[in-house]
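Following: one structure in C-alpha cells, then a few remarks.
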Amino acid sequence: MNFVKRGITSVIRKPGKTVILLLIVFVLGNVISFAVSIGQAVDNAENALRQRVGVAAMLEADWQTLDEVSQSTGEYPEPGVLTPETMKKIGALPYVKDFDYTIDFGLQSKKLKRFYVREENRPISEDGLEYYNLKGVNDPEIVDLKENKIKLLPGQGRTFNKQEMESLTYVALVSQKLAEINNLSVGSKFQLDNVIYDYSDIEARDGMSTSAEADGGMKVFASQTYEFEVIGIFEPVEQKKSSGNNNGMDDEYLTEEAQNRIYVPASVGEASAEYNYEQSVKMDPETFKDLSKEDLRYYQNLYILNDSRDIEKFREEALALAPDYYMVTDTAKAFDQIAAPMKSIQSIANIVLIGAAAAAIIILTLLVTLFLRDRRHEIGIYLSLGERKLKIVSQILLEVAAIAMVGIVLSLFSGNLVSGGISKTMLNNEIVARAEEQEEQQSGGSFTTYTSTLDWMGYGNNLSDEDLTGAYRVSLDLRTVLLFFAVGIGTVVVSTLVPIIYVLRLNPKKILM
Amino acid sequence: MSFIQVQEAGYFYQDGDSRRFILNNVSCEFEKGTFYAILGESGSGKTTFLSLLSALDKPRSGAVIYEGQNIAAIGAENYRRNKLGIIFQAYNLIPYMTAAENVRVAMSITDNQLPSDPAAVAYNLLDYIGIGKDKADRTVNKLSGGEQQRVAIARALATNVDLILADEPTGNLDEEMENEIIEIFRKLAHEHGKCVIVVTHSGEIAQKADTVFKLRKGNLEPYERLSEPVQQQ
Ligand SMILES: Nc1ncnc2c1ncn2[C@@H]1O[C@H](COP(=O)(O)OP(=O)(O)OP(=O)(O)O)[C@@H](O)[C@H]1O
Ligand SMILES: [Mg+2]
C-alpha cells in the first residue's frame, strides 16, 4: 500500500468525490479547450493568410505632416529627396526580402489603344491620344512578378536580360489585354511618344483645363518617339478589394492601371527623363536652371518584407535612413482590416481563457481543500505512522492529477468540437456586423474613400472575407493540444498549492490524540 | 543502558499568555520485555506524556532517549516510521480501506526490513490478533470497536518494532474484550520481548501490568498495587 496504491484506492473507493471533481474539471476544461482552440485557429489562420499576402511597404512623402507644418509655420517645408542610394540602403535592412526602385514615367500614343473595363470609362478625345504609365525596373526579374502580382503567360516571353538592363534597349512587357487589343505578340513592335508641351503661353489661357481637352490647343515644344519590342506578355493577378472603402469605382481604375502598365528597363525611363530635362531647360531656362537632370526622375520604391510582423521595426529603421517628412505605408494595415473580425473573436477567446483559468483555479482550490479537510484524519494517520510529507503530497497530487487528466482529455475533444461550430458562427456574425458598421459610417459620410499608392502599384489587399472564413478552421493540431495541456495542467497544479500547504501544516497529535 | 529513558522532560501548553504546566521534569526508564501501565486521572497529562514518547510532540525541556539516542536526533518522522507502533483510543484506522490494507499501509511506510510477502504477513498478523481472513478483507468501518482496535494493534506490530505505545486502548470496549486485549499486550511483552507502554484509567490493566506508574500533579510516581500482578500460566 505505497502512496500510489493508496491514491488509486482512494479514487476508486470514493466515487462520489471522484465524479464531482471529474465533472468540474470537465466543465471548466471545456471552456478552456473552447478558448484555446479558437485562439489557435486564429493564429493558424493568421499565419496562413499572412504568408499568402506577405507584406509590401513603401516610403512616400508624408503630405499630412507637411500640411500641418505648413499651417502652423506658414511655410511649406521641402521634403528631402529619396535618392537611389538611400533606397538601396533601406533595401539592405534585414527585414527586406525583395525590393526595387523603379523609375515611373508617362508616354503617350495615338496608335496604341488603351484597355478599358467598360466603354464608358474611355475619355472623350477627338484625336485618340492615350497615356501610358511605364515602369522602369532596376530588378530585371521584376518584383511584381516574383511577388505574383503579375504572371508571365506560359510560352509568351521572358523578363529582361543583363544586356537589356545595362545598355539602353527599348524592350517591354505588356499585358495580355493590351496585347490583344493592339494585336501584339512577343517580337512585335509598338511606338510611344515623349512629348514636351510648350506651356509658356498657358497662363494666357483662361483657367486650367484637363490635358485631354488641352491637347488640341497646346503647342508641342519637342517630341521623341521610341519603338519598343515586346519581349513578354503578362497577366495581372486580380486584386480582390482595395484597402480603402469604395463602391467598386476604384477597383475598375485599379484594373485598368494594371492592364495598361508597361514594364521597361530603368535605363529607358532615365533616357526619357533626360530628354525631358534637356528640352525643358531649352523651353524654360528660368525654372529649370536650378534643377539637375536627376530631379526629373521620379522613383517609386517598393519593399517586400520577410514577415509582416517586422513592419514596425522596418518602419523605424527605414525612417531613420530616409530624409525628413517621409512615411512608410504598408499593406499590413489592409491585412489587419480584413483580419479584424477574427482578431476580435480571438480577444474574446483570450478573455474567456483567462476568466476560465482563474475560475478553475479558485474552484479547484476550494474543492480540493474541502476534500482534504474531509480527509485530515486519514492524513493524520499517515503522519503518525511517520510517512514522509513529500509522499503524502505526492499522493494528493496523483489523485487530483489522475482525475483531472481524464477530465482534461475528455474536455479537450468536446471543447474543441463545440468551438469549431460556435466560433464559425461568431466569426460570420462579426464580419456582418463590421460590414454594416462600415456602411453606416459611409452613409453618414464620416468614412473617406481612399486608395493608397500601394493599391495603384498592385499591392492592395487581395484578401476577401471568404478567404478569411476559408482559412479559419478549428482543428486539433499539436500546438492546440500542447497549449491546452499546458494551461490545463498548470491550472490543476496551481489549484493544489493551497491544499498542499494545508496538508503540510496538519499536526497529527491534534488530529488523533 | 535502558531501552527508553525520559530525562527531566517538561511540558506545558501555551494558552495565550499563560502556560499550563502538565509535566514537571519527569524522569523514568522503560525496558524491553516489560508491560507498563501509566495511571492517572483525567486531565493529568497521560496523553501528553505518550505524545512525547511517540514523538508526536516535543518536550519543552529535557529529552526522550531511545537506545541511547535522543529521538530529536533520530528525527521525529524517522522515529515514528521505524521505531514504534502506536494504538489510539479512537482506533484511527483509514475507514475506506480493509483491515489488511490498513495493516499494509504501515508496512509500506516503514523502512524496516520486512518479510517479502506483505499480504501474507498482514493476514497472519491479523489472524494472530484474532481477525480471520473474512474480516481482514472487510473495510474497517464494518468491524466492531473491539475488532477495529485489534486491527490497530496489528498495524502497530506490522512494522516489526520493539516499542508499542497505547493510549486508553480499551476505553471503548467491554470488559471481556478488554481482557483479551490486555492478554495480547502481555504476550507481546513477555513472549515477543517488546516494550509495551499503556496509558489508562483502567484498574484492570494496572492490575495485569508488570510495572505501574501514576501521573499526578506533573510527576510520574511508582504506583503501589494492593496485590502483585496475577501471573498467567
Ligand atoms: N492543545 C492543548 N492546549 C491547552 N491545553 C491542553 C491541550 N491539550 C490538552 N490540554 C490540557 O492538558 C491537560 C492534560 O491533557 P491530556 O490530554 O494529556 O490529559 P489525559 O491525562 O490524557 O486526560 P484523559 O484521561 O481525559 O485522556 C488537560 O488539562 C488538558 O485540558
Ligand atoms: Mg488522554
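The values are calculated or read from the model by the stated rules, or taken from the named source; none is laboratory data. Given the structure is predicted, the values throughout are model-derived calculations rather than measurements. Cβ atoms come from the backbone with ideal geometry, glycine included; neighbour counts cover every protein chain shown. The accessibility values were calculated without ligands, DNA or RNA, using every heavy atom of the protein model including side chains. Shrake-Rupley method; radii C 1.70, N 1.55, O 1.52, S 1.80 Å.
Some observations on this one:
- Flag if residue B:27 is among the polar types (S, T, N, Q), more than 14 Å from chain A (Cβ to nearest Cβ) and either within 16 Å of ligand 2 (Cβ to nearest atom) or in a loop (DSSP other than H, G, I, E, B) (or both): no
- So residue A:339, is it among the hydrophobic types (A, V, I, L, M, F, W, C) and either farther than 13 Å from residue A:46 by Cβ or surrounded by fewer than 16 Cβ atoms within 10 Å (Cβ to Cβ) (or both): no
- Of residues in the stretch B:75-102 being at the interface with chain A (Cβ under 8 Å from one of its Cβ atoms) and among the hydroxyl-bearing types (Ser, Thr, Tyr), the one surrounded by the most Cβ atoms within 10 Å (Cβ to Cβ): B:79
- Counted residues, the stretch B:118-132 - those being open to solvent by 10 Å² or more (accessible area, probe 1.4 Å) and either assigned to a helix (DSSP H, G or I) or of a type outside the set (Gly, Ala, Ser) (or both): 9
- Among the criteria (1) away from ligand 1 (no atom under 16 Å from the Cβ); (2) not in a helix (DSSP H, G or I), the one residue B:37 does not fulfil is (1).
- Scanning the stretch B:75-103 for residues that are more than 18 Å from residue B:123 (Cβ to Cβ), in a loop (DSSP other than H, G, I, E, B) and under 16 Å from the mean Cα position of the chain (by Cα) yields B:83, B:88, B:89, B:90, B:91, B:92.
- Positions within the stretch A:326-342 being under 30 Å from residue A:81 (Cα atoms) and assigned to a helix (DSSP H, G or I), in sequence order: A:332, A:333, A:334, A:335
- Filter result (out of contact with any Leu (no Cβ under 9 Å at 6 or more places or on another chain) and within 30 Å of residue B:80 (Cβ to Cβ)) within the stretch A:400-414: A:401, A:402
- Hey, residue A:384 farther than 15 Å from residue A:496 by Cα and open to solvent by 10 Å² or more (accessible area, probe 1.4 Å) or not: no
- Pairing each residue of the stretch A:456-484 that is open to solvent by 30 Å² or more (accessible area, probe 1.4 Å) and outside any helix (DSSP H, G or I) with any residue that is aliphatic (A, V, I, L, M) and modelled with pLDDT under 80, provided the two are 6+ apart or on different chains, yields C-beta distances under 8 Å for A:462/A:53.
- Taking the listed residues B:39, B:52, B:56, the one that is within 16 Å of ligand 2 (Cβ to nearest atom), touching a Phe, Trp or Tyr at 6+ places or on another chain (Cβ under 7 Å) and open to solvent by 10 Å² or more (accessible area, probe 1.4 Å) is B:39, with no other qualifying.
- Scanning the stretch A:378-392 for residues that are touching a strand residue (DSSP E or B) at 6+ places or on another chain (Cβ under 7 Å) and either more than 7 Å from chain B (Cβ to nearest Cβ) or not in a helix (DSSP H, G or I) (or both) yields nothing.
- Just so you know, in the stretch B:1-24 the residues that are among the hydroxyl-bearing types (Ser, Thr, Tyr) and more than 22 Å from residue B:84 (Cβ to Cβ) include one that is farthest from ligand 2 (Cβ to nearest atom), and it is B:18.
- Complete set of residues in the stretch B:46-74 that are away from chain A (no Cβ under 12 Å) and either among the polar types (S, T, N, Q) or in a loop (DSSP other than H, G, I, E, B) (or both): B:59, B:60, B:61, B:67, B:68, B:69, B:70
- Helices (runs of 4 or more DSSP H) fully within the stretch B:133-233 counting 1 or more residues that are within 16 Å of ligand 2 (Cβ to nearest atom) and at pLDDT below 95: B:145-158, B:203-208
- Under the condition of being more than 8 Å from every other protein chain (Cβ to nearest Cβ) and closer than 24 Å to residue B:50 by Cα, the residues counted in the stretch B:103-114 number 3.
- Of the residues screened, residue A:133 is one that is open to solvent by 60 Å² or more (accessible area, probe 1.4 Å), assigned to a strand (DSSP E or B) and either in the same structural domain as residue A:257 (by TED's automatic domain parsing) or not hydrophobic (A, V, I, L, M, F, W, C) (or both).
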